[in-house]
Amino acid sequence: MQTPMSPAILQSFLKADLAELSGKLYQFAADLYPICRSITGNGIRQTLKEIQKRIPLEIHEVPSGTDVFDWTIPKEWNVRDAYIKDSTGKRIVDFQANSLHLESYSVPVQKTLSLAELQPHLHSIPDRSDWIPYRTTYYKDDWGFCLSHNQRKALPDSQYEVCIDSTLIDGHLTYGECYLAGSCEDEVLISVHVCHPSLANDNLSGLTVAAALAELANQSDRRYSYRFLFIPGTIGAISWLAINRDRTSKIHNGLVLTCVGDRGGFHYKKSRQGDANIDRAMAHVLRHCGESSEVLDFSPYGYDERQYCSPGFNLPIGCLMRSVWGTFPEYHTSADNLDFIDPDQLVRSLRLCIQAFDVIERNQTYVNRYPYCEPQLGKRNLYRSSGGEAIDEQIHARLWVLNLCDGRHSLLEIAERSGLPFSTLRTAADMLEAAGLLQALPAKDSGDHRKGSI
Ligand code: ZN
């Protein structure tokens, strides 16, 4: 049977032992969980080095002070230690115990303060009194500690020694990039943020699934080229776009992956274009995935789709999430921990991405070579074996394919119209093509993906 495009990424996934794979995904997230990541610094480098053990990842360093569009690469932040000690010298808030305790980008501090002086530098969540919040002060020189509200309320009116042994100096912004060439130069871009400290769903789930996708894609035949970006949120995406502005016309599909490990159903936020191939492929695989799902329209807030879909770029890049950021109480708190993500959910998110890429890889437009009435399928052994037997889904698929393959409808469009799974239609098309009833047209989606005016 002629198969003009390889289904190999999906095949590589289907060959894997799912229990083993889900355990591996979860373990990778667990290994990276304690690292104190931020938008710059050694935490992100250490994280990228772990990813580099699995996939061919290039690590890029952009110097502080570099202008990237309307932004400037900030100073590099690193922290060796940070704590608050009570009057007996006991560490009562300790960065070593949980990286969330220190407000990210806190400037160095070494002083003794009264409780009243300390209070403006403390962050807690009154209605989630056991949880530690996640706070940052990226673009303002400040410092702070995060702690549970219960602990904060119990602090006696006393003197406190505060130490933040951090550095905030000219250095670099670091990001990782893995490019896997396919048989054509048209690209699929997968982007994940890797700049949050000990937060599992928001950052580790996306990077874990993206690294596994890259590992599988690296072992497989590919029509598209795949580019994986492991970057600090916002400033990392802006930096990559500024450095690679001329390359973006090659990006034909893309996904921002985040919050894909929790127990919620899927949410796919469409690209700004709204009807890009990735939008249609994702809507299709979600319809057939057997889990609750919702397709959301584009909005100019969220993750790095904000940058990829800014009007000057308008790239066909959507965002896949399970629970939507900001809508679950655990978001940006210590409750977004390893208990909040689930190995099976990670592997199901991985499977969904692979199914969507399989649609993109194997979508094809054909012409029916026998368009005047139906060709006789029975004499080619492509119809039910005896009269009266129920017509199964595969025969339905052959009839849909024959009817709509007029050179103007791709298999994905036929899948949308018929309600049948893409894979069933692709099998039907392969059989009909092998029987000489269909002729494949050259792939039509090469060329500039961008449409409309900005
Ligand atoms: Zn976040």
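For the chain, evaluate the Debye formula with one uniform point scatterer on each Cα (no solvent term) and list log10 I(q)/I(0) at q = 0.06, 0.07, 0.13 Å⁻¹, rounded to two decimals. Once normalised to I(0) and log-transformed, intensities are -0.31, -0.41, -1.13. Remark: the S292-A97 segment gains 66.5 nm on full extension, using 0.36 nm per residue and subtracting the alpha carbon distance. Which of the three applies to the range 202-284, rounded, prolate or oblate, going by the alpha-carbon gyration tensor with a ≥ b ≥ c and a/c under 1.5 meaning rounded? Since a/c stays below 1.5, the shape of the range 202-284 is classed as rounded. For the range 1-116, dividing the convex hull volume of the Cα atoms by the residue count gives 203 Å³ per residue. Remark: the range 76-169 is approximated by an ellipsoid whose semi-axes, taken from the C-alpha gyration tensor as √(5λ), come to 20, 16, 12 Å, largest first. Here K250, K49, K270 are placed in order of increasing Cβ neighbour count within 10 Å, fewest first, which gives K49, K250, K270. What fraction of the Cα pairs in the range 365-445, stated in percent, has a spacing above 18 angstrom? Tail of P(r) above 18 Å: 35 percent of Cα pairs. Global dimensions of the range 293-408 from alpha-carbon coordinates: Rg and Dmax equal 22.5, 65 Å. When the range 248-379 is described by a simple charge dipole with +1 on each Lys and Arg Cβ and -1 on each Asp and Glu Cβ, the residue from H284, G265, V324 located farthest towards its positive end is H284.
How high is the FRET efficiency from D246 to S64, r the C-beta distance, R0 25 Å, rounded to 0.05? Before the final figure, lay out each step's value.
Working: r = 24 Å, r/R0 = 0.97.
Efficiency computed from Cβ-Cβ geometry: 0.55.
Think of the chain as having a plus end and a minus end, set by charges on the Cβ of Lys, Arg, Asp and Glu; of L255, Y226, Y383, Y383 sits farthest toward the positive end of this dipole. Dipole check for the chain: with +1 at the C-beta of Lys and Arg, -1 at the C-beta of Asp and Glu, and the Cα centre as origin, the magnitude is about 820 Debye.
Could you pull out the pairs from K111/K140; K85/K153; K90/K140; K85/K140 whose alpha carbons sit more than 22 Å apart here?
K90/K140; K85/K140
Counting pairs of Cα atoms in the range 64-115, how many percent are more than 14 Å apart? Every Cα pair in the range 64-115 considered, those over 14 Å come to 63 percent.
Near H193: Cβ cut-off under 9 Å, other residues only, Lys/Arg at +1 and Asp/Glu at -1. The net charge is -2. Calculated [222 nm] ellipticity per residue, helices only, for the chain: -8500 deg cm²/dmol; basis is -39500 (n - 2.57) per DSSP H run with n ≥ 4, divided by all residues, nearest 500. Magnitude of the charge dipole for the range 272-361, about its Cα centre and with charges confined to Cβ atoms of Lys, Arg (+1) and Asp, Glu (-1), is about 220 debye.
About its Cα centre, how strong a charge dipole does the range 365-445 have in debye, to the nearest 20, once Lys and Arg get +1 and Asp and Glu get -1 at the Cβ?
220
Computed from Cα atoms, the angle from the helix 277-287 axis to the main principal axis of the chain rounds to 90 degrees.
Here's the list of lysines a cross-link from K250 could span, going by alpha-carbon distance under 30 Å and ignoring same-chain residues fewer than 8 apart: K49, K53, K269, K270, K444, K451. From the alpha carbon centroid of the range 20-72 to that of the range 125-184 is 17 Å. Under the simplified labelling scheme, the E215-D170 pair shows an inter-label distance of 4.0 nm, with each label point 7 Å from Cα along Cα→Cβ.
A short reminder: the numbers here are calculations on the coordinates, not readings from a lab. Given the structure is predicted, the values throughout are model-derived calculations rather than measurements. Note: ideal-geometry Cβ built from the backbone for every residue, glycine included; neighbour counts use all protein chains shown.
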